[in-house]
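Following: one structure in structure tokens, then a few remarks.
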Amino acid sequence: IMIFVKDWEGHFLLVNQAFAQFNGVTVEQALGKTDLALGIDEKQVEGFLHDDREVMTSRKNKLIAQEAVNNARGETHWFHTMKVPLTAADGKSTRVLGVATDITERIETETALEAQHNLLRTLLDNIPDLIDVKDAESRFVIANPPVLQLLGVSELDDLIGKSDFDFLPAEQARRWYEIEQSIIQSGQSIMNVEEQVVSQLTGQTRWLLVTKVPLRDGDGTVTGIVTMNRDITDRKRAEAAFDAEITRLVN
């Protein structure tokens, strides 16, 4: 955690070792210097000075939840900073105390997770197969657009937290629920099972080639179900038409 005290002109009157290390100087070298003299970007220095003087003038604390700071070595770190006015006996404030916590690792982790989320969302939104994830109670957590279309809902929020019982005939929903709970208990997948599905909201009937696999956490515990459905309606209709034609020819 970096700790520093600055005056109205932005000169450092006190700094700790963490501050000196980030800026590539000793504590003694930092004293009396400004951010600009330490190699901080001029535009950033203007922002720092604006915040410092706002705190001293208002005599109110200011929290900067996150800000990126580039040091003289070209390194960028993110900080969570609290600035506090230091008030003299006469009630005037011409100094500011800063306490800045380095949150670079957290920001980098959040950025990486967001990138992974965006990649997953892009993949799901562009895969023609019907893909959804349910929790241990067989309630929807994630679904891609083909699933929404089949079930007759327009927004993912209309699906999350609900189950097949809200969208499918009771018998079908009960069958899938029992299969999913069996997978959660056993950890065993089912692969390429043909199922006919009727949406209660749209009346749409589709044939699906269903694969359901257990979703595991980092410890290997099954926490839900991932379902991947391939729409084979056209194939089933073609097979039915072929069978009907063969029957006609035979008779």
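The values are calculated or read from the model by the stated rules, or taken from the named source; none is laboratory data. The structure displayed is predicted, hence computed values, not measured ones. Cβ coordinates were reconstructed from backbone atoms using ideal geometry, including for glycine residues, and neighbour counts include every protein chain displayed. Only protein heavy atoms, including side chains, enter the accessible area calculation; ligands, DNA and RNA are left aside. Shrake-Rupley method; radii C 1.70, N 1.55, O 1.52, S 1.80 Å.
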Requested in this report: Using every pair of alpha-carbon atoms in the range 187-251, split the distances into 10 Å bins beginning at 0 and state the percent of pairs per bin, rounded to integers.
Outcome: 19, 31, 27, 15, 6, 2, 0
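Rounded to the nearest whole Å³, what is the per residue volume of the convex hull around the Cα atoms of the range 66-156? Walk me through the numbers before you get to the answer.
Working: hull volume 18.3 nm³, N = 91.
Convex hull of Cα atoms, per residue: 201 Å³.
About the Cα centre, and with charges only on the beta carbon of Lys, Arg (+1) and Asp, Glu (-1), how big is the dipole of the range 96-197? Nearest 20 debye, please.
On the way: 7 positive and 20 negative charges, 26 e Å.
The dipole magnitude comes to about 120 debye.
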Requested in this report: Towards the positive end of the charge dipole of the chain, with charges on Cβ (+1 Lys, Arg; -1 Asp, Glu), say which of GLY10, SER163, LEU150 has the farthest Cα.
Outcome: GLY10
Query - Size of charge dipole - the chain - debye, nearest 20, with Cβ of Lys, Arg +1 and Asp, Glu -1, no other charges - result: 320
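Contact order normalised by length for the range 22-161, with contacts defined as Cα pairs under 8 Å and 6 or more residues apart; what percent is it? Show your work: numbers first, answer last.
Working: 171 pairs, mean separation 19.1, N = 140.
About 14 percent, as a whole number.
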Requested in this report: Sequence neighbours fewer than 8 away in the same chain don't count; with that in mind, list the lysines whose C-alpha is under 21 Å from LYS62.
Outcome: LYS6, LYS43, LYS83, LYS92
Requested in this report: Would you be so kind as to identify which of ILE183, VAL250, THR202 lies farthest towards the positive end of the dipole of the range 168-251, taking Lys and Arg as +1 and Asp and Glu as -1 on Cβ and the Cα centre as origin?
Outcome: VAL250
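What is the chain's relative contact order, in percent, from Cα pairs under 8 angstrom and six or more apart in sequence? Don't skip to the end; give the middle numbers.
Numbers: 429 pairs, mean separation 30.6, N = 251.
In percent, rounded to a whole number, it is 12.
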Query - Accessible area of HIS77 in the full protein assembly, 1.4 Å probe (Å², nearest 10) - result: 50
Query raised in the report: Tally Lys/Arg at +1 and Asp/Glu at -1 over every other residue whose Cβ is under 12 Å from the Cβ of ASN71; what's the total?
Result: -3
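Go ahead and run the numbers for FRET between LEU123 and ALA37, Cβ-Cβ distance against an R0 of 51 Å, rounding to 0.05. Mind showing how you got there, number by number?
On the way: r = 49 Å, r/R0 = 0.96.
It comes to 0.55.
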Query raised in the report: How much of ASP219 can a 1.4 Å solvent probe reach, expressed as accessible area in Å² and rounded to 10?
Result: 140
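According to the square roots a ≥ b ≥ c of the eigenvalues of the Cα gyration tensor, what is the shape class of the chain, taking rounded for a/c under 1.5, prolate for a/b larger than b/c otherwise, and oblate for the remainder? Please list the in-between numbers first.
On the way: a/c = 3.81, a/b = 3.63, b/c = 1.05.
Verdict is prolate for the chain.
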Requested in this report: State the Cα centre-to-centre distance between the range 130-153 and the range 181-251 in whole Å.
Outcome: 14
Requested in this report: Rounding to the nearest 20 debye, state how big the charge dipole of the range 13-92 is about its Cα centre with +1 on each Lys and Arg Cβ and -1 on each Asp and Glu Cβ.
Outcome: 260
Query raised in the report: With Cβ to Cβ distances under 12 Å as the rule, what net charge do the other residues near VAL96 carry (K, R +1; D, E -1)?
Result: +2
Query - Accessible surface of the chain [probe 1.4 Å, protein heavy atoms]: carbon and sulfur percent - result: 54
Query raised in the report: Which length gain, in nm to one decimal place, applies between GLU54 and ALA240 when the Cα-Cα distance is subtracted from 0.36 nm times their residue separation?
Result: 59.3 nm
Report summary line: So, over other residues within a Cβ distance under 15 Å of GLY224, counting Lys, Arg +1 and Asp, Glu -1, the net charge is -2
